[in-house]
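Right, one structure below, let's go through it.
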Amino acid sequence: MTNADSQVLLTGATDTAPATTGPAKPTGAQLLTWFPPRPVSASWPATEASRAEVLGRVLSAPWALDNPNSQQTRRLGILAVLSWLQTRSGDSWQQRWRASVAEDQPDWRELVTPDVNRARPLRT
């Protein structure tokens, strides 16, 4: 069916898919060649911050808590992690974290405070 402008109007479904033209979609390997991942940085400004700068950043907005007791608990936890990281080798917090092998542990918090009995969620 055509209209006065000679445009074809389709009124029903076709039995075959339309033929595709143009180049094939690139493979994952091709995309990696064209767009290689960025190199992994060993350090960046935030990882080289001083202990005081880290505390100032993570204890202020938007991470600050409204409840003073909760904020104090968070502060003590951050101090524990920073103190623990300072015992590891490295020139930045990131290098110390990697040297700690914490990511290989099921619960890295036990590395920071191994003698603390942690409250576990109740299973129902």
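Values quoted throughout were computed directly from the atomic coordinates according to the rules given, and no laboratory measurement underlies them. Because the structure is a prediction, the values reported are computed rather than measured. Because the Cβ atoms are built from the backbone with ideal geometry, glycine has one as well, and the counts that use them run over all protein chains shown.
Sorted ascending by nearby beta carbons within 10 Å, beginning with the fewest, 60, 43 become 60, 43. Backbone phi angles across region 63-80, fed through the Karplus curve with coefficients 6.51, -1.76 and 1.60 (θ = phi - 60°), yield HN-Hα couplings of 8, 4, 9, 6, 7, x, 5, 5, 5, 5, 4, 4, 4, 5, x, 5, 4, 5 Hz in residue order; Gly and Pro are listed as x.
In order along region 89-98, the phi-based Karplus estimate (6.51 cos²θ - 1.76 cosθ + 1.60, θ = phi - 60°) of 3J(HN,Hα) comes to 7, x, 9, 9, 4, 5, 5, 5, 4, 5 Hz; Gly and Pro are listed as x. Per-residue 3J(HN,Hα) values for region 38-43, derived from phi via the Karplus relation 6.51 cos²θ - 1.76 cosθ + 1.60 with θ = phi - 60°, read 5, x, 6, 7, 7, 7 Hz in sequence order (x marks Gly and Pro).
Across every direction, the projection of the convex hull enclosing the Cα atoms of region 45-112 has a mean area of 5.0 nm². Highest mean packing comes first when the peptides 46-56, 103-113, 25-35 are listed by Cβ atoms within 10 Å, giving 46-56, 103-113, 25-35.
Extending each Cα 7 Å along its Cβ direction at residue 67 and residue 50, get the distance between those two points in nm, one decimal. Modelled inter-label distance: 3.3 nm.
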